[in-house]
Amino acid sequence: MRTNDKTRFAGLIGLALGGCMLSAVATAAGTDAGPTTSNKLLLTGGVSQLEGAAGGGLTPWAVIGGYGTRDEIGANAFYTRVNLPDYHVDTAGAMVGLYNRVELSFARQRFDTEKVGAALGLGEGFTFRQDVVGVKVRLFGDVVLDQGSWLPQVSVGAQYKKNDQDGVVRFVGAKRSQGTDYYISATKLFLGQSLLVDGTVRFTKANQIGILGFGGDLNNSYKPEFEASVAYLLSRHWAIGAEYRQKPNNLGIAREDDWYDAFVAWAPSKHVSLTVAYADLGNIVIKDRQRGLYASVQVGF
Amino acid sequence: MYKHYFQLATLAAAVMLSQSILAQDTAPMPPQSAAMAASAPRDPALKPVFDQFGGKPGLVTLMNDFMDNLMADARTRPYFADSDREHIKAELVDQFCVILDGPCTYTGKDMVKVHRSLGINRAAFNALVEDLQTAMDKNNVPFRAQNKLLAKLAPMHPAVITR
Ligand code: HEM
């Protein structure tokens with residue numbers, strides 16, 4: 001981590017803590033207010049995943065983001081930083097959840113190649129930028145209330161992604177610099193066991209989630225990829241868990257590995273959550289063992 | 001070009017599916033069974049949880065705190081302000097005691113009949129759950145034990161949420 005990155009990161013944590021304190025004051029002052037917009041139960045909306053959808057850190061869940069119920073609208077914004085040995089990723093975004101039925105999200109990802117950029121002749125600190133526009137629709141089920149049956153909450157979603165480095169991604173063998181992922185997610189809360197489980201199937205052509213474009217010399221068709229999360233609720237405010245995200249292998253120039261992480265999430269109130277994870281992103285272009293810290297802060301209304 | 005048709009078709013399918021399910025969602029759910037509607041069934045596996053709640057005396061204290069929370073919460077107070085709160089507390093003690101396999105009998109009313117005309121929505125339901133969680137925290141009921149009880153209460157939602 002370079003020094004200016006460190007200060008930025010420290011600033012972020014400061015911001016998050018400041019946010020917590022603010023929201024604590026707001027909650028205390030708000031106990032006598034009328035119906036609010038955030039009546040879902042704590043942590044049942046998940047956090048923001050890398051591409052902006054409500055879910056775990058790597059994978060979307062079937063939940064609709066924000067704490068709005070059927071009659072309400074919820075919204076939140078997030079900032080995520082992933083620090084790897086040879087790269088770092090910053091993602092910022094926002095989402096709205098409409099009546100616990102539809103979720104709309106936007107995220108902007110910056111993937112900084114640091115010194116690898118120089119090695120590849122792109123220049124040190126060469127950065128890919130990708131914008132992701134997401135939509136998710138809940139089909140059926142209620143993750144919290146459906147405790148009497150095995151029925152999960154099920155949603156379908158799409159993530160349209162546009163990468164700003166068309167020339168570079170084509171040069172490495174990708175067919176396009178934009179593409180759309182489609183997914184179906186099933187999320188089940190086993191409340192008696194304090195356990196939440198999600199399984200997602202994503203149809204995608206994206207190389208390294210789109211940072212290296214879409215499709216490639218080895219394969220240029222949609223492939224189903226499996227993603228999964230488990231989260232164990234420790235209390236109303238704390239959860240720990242692990243995730244898996246299978247990835248395609250479309251490019252001849254570099255192997256792409258599946259992703260894993262183990263996380264801790266803390267939600268002191270409905271307005272703030274902080275997620276810290278240890279993520280293993282495997283090989284990324286010429287660098288193996290990209291393992292590092294994932295940190296994400298989310299503020300909501 | 002075919003890709004756009006694919007996108008459109010997926011979207012159309014999603015919208016149609018969600019519409020039909022939405023219709024199901026809002027349709028009144030028939031009570032699963034008479035027993036279910038009256039209250040939740042006894043579950044012998046929850047006997048240890050009954051002890052974690054402090055037995056019947058624990059439930060009595062819990063219900064006092066719970067009702068205090070409900071009356072302090074602007075989202076729930078309107079429902080309880082004009083009700084016989086002492087009576088509700090006593091019925092809740094028996095009801096929870098039965099669910100947790102305690103030595104009690106629930107003699108209160110049927111869940112559908114009690115809540116039918118109250119116009120309870122999901123937000124009010126969740127508010128009540130939060131107030132119960134706060135009361136359980138105050139009474140040092142372990143989080144896992146809390147969730148075991150909540151998992152038994154949640155399936156009663158079709159009887160309670162009518163809006
Ligand atoms: C699963 C959730 C719930 C359970 C298990 C439950 C249980 C009960 C019980 C046992 C009674 C007493 C019945 C009797 O008098 O014989 C009762 C009454 C009542 N409940 Fe609930 N309840 C639930 C949810 C709610 C919610 C969400 C509200 C409103 C926010 C609510 C409002 C009331 C009111 C106002 C009464 C008194 C009605 C009257 O006196 O006519 N309940 N409930």
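Which percent of the accessible heavy-atom area of chain A goes to carbon and sulfur, probe 1.4 angstrom? Reported share for carbon and sulfur atoms: 66 percent. Taking A:Gly125, A:Gly210, A:Gly192 in turn, the Gaussian network model of chain A (Cα-Cα springs below 10 Å) assigns the largest fluctuation to A:Gly192. Between A:Ala206 and A:Gly215, the built amide H atoms are under 5 Å apart, and every one of these is 5 or more places off in sequence or on another chain.
Each of B:Met71, A:Met95 has its accessible area taken with a 1.4 Å probe; listed largest first, they run B:Met71, A:Met95.
Diffusion coefficient (Stokes-Einstein, Kirkwood radius over C-alpha pairs, 25 °C, 0.890 mPa s) for the range A:3-300: 126 µm²/s, rounded to a whole number.
Once A binds B, the 1.4 Å probe can no longer reach about 3100 Å² of accessible area, counting both sides. Just A:Thr113, A:Thr200, A:Thr59 to compare: in a GNM of chain A, with alpha carbon springs under 10 Å, which one fluctuates most? It is A:Thr113. The phi-based Karplus calculation (6.51 cos²θ - 1.76 cosθ + 1.60; θ = phi - 60°) puts the 3J(HN,Hα) values of the range B:146-161 at 4, 5, 5, 5, 4, 5, 7, 7, 3, x, 7, 4, x, 6, 9, 8 Hz, whole numbers, x for Gly and Pro. Sequence-distant contacts, meaning Cα pairs under 8 Å at least 6 residues apart, place the relative contact order of chain A at 16 percent. In the distance distribution for the range A:244-301, Cα-Cα pairs more than 19 Å apart total 44 percent.
3J(HN,Hα) couplings calculated from phi for the range A:290-301 with the Karplus curve 6.51 cos²θ - 1.76 cosθ + 1.60 (θ = phi - 60°) are, in sequence order, 8, 10, x, 8, 10, 9, 9, 10, 10, 10, x, 10 Hz; Gly and Pro show x. Along chain A, counting only trypsin sites (Lys or Arg not before Pro) with a DSSP assignment other than H, G, I, E or B and at most 13 other Cβ atoms inside a 10 Å radius, the longest segment between sites is A:3-254.
In the elastic network of chain A, a GNM with C-alpha springs shorter than 10 Å, the most mobile of A:Ala62, A:Ala118, A:Ala239 is A:Ala118.
The mean number of Cβ atoms from other chains found within 10 Å of a Cβ in peptide A:131-144 is 3, as a whole number.
Alpha-carbon geometry of the range B:48-163: the Rg and the Dmax are 13.3, 36 Å, given in that order. For A:Ser194, neighbours were defined as the other residues whose beta-carbon sits under 11 Å from its Cβ, and their charges (Lys and Arg +1, Asp and Glu -1) total +3. Compute the long axis of helix A:3-30 from its Cα atoms, compare it with the longest principal axis of the Cα atoms of chain A, and write down the angle in degrees, 0 to 90, nearest 10. Tilt of helix A:3-30: around 20 degrees. Under a model in which nothing but the beta-carbon of Lys, Arg (+1) and Asp, Glu (-1) is charged, chain A shows a dipole of about 260 debye around its Cα centre. Annotation note: trypsin sites (Lys or Arg not before Pro) in the range B:83-140 located in DSSP loop regions with a Cβ neighbour count of at most 12 within 10 Å are B:Lys109.
Spin-label pair A:Ser221-B:Asp137: with each label point 7 Å from Cα along the Cα-Cβ axis, the two points sit 5.3 nm from one another.
Ranking A:Val102, A:Gly74, A:Gly173 by how far each Cα lies toward the positive end of the dipole of the range A:64-209 (charges on Cβ) leaves A:Gly173 at the top. Measuring between their Cα centroids, the range A:252-301 and the range A:103-129 lie 16 Å from each other. Of the chymotrypsin sites (Phe, Trp or Tyr not before Pro) in the range B:60-163, not one is in a loop by DSSP (not H, G, I, E or B) with at most 13 other beta carbons within 10 Å.
In the range B:48-163, carbon and sulfur make up what percent of the accessible area (probe 1.4 Å)? Of all accessible area on the range B:48-163, carbon and sulfur atoms account for 54 percent. With all protein chains kept in place, the per residue accessible area of the range B:48-163 amounts to 44 square angstrom at a probe of 1.4 angstrom. Legend: mean number of C-beta atoms from other chains within 10 angstrom of residue C-beta atoms, peptide B:116-128, equals 4.
The values are calculated or read from the model by the stated rules, or taken from the named source; none is laboratory data. None of the values given here were measured: they were computed from a predicted structure. Methodologically, a virtual Cβ is constructed for each residue, glycine included, from the backbone with ideal geometry; neighbour enumeration extends over all protein chains shown. Heavy atoms of the whole protein, side chains included, go into the accessibility calculation; ligands, DNA and RNA do not. Shrake-Rupley method; radii C 1.70, N 1.55, O 1.52, S 1.80 Å.
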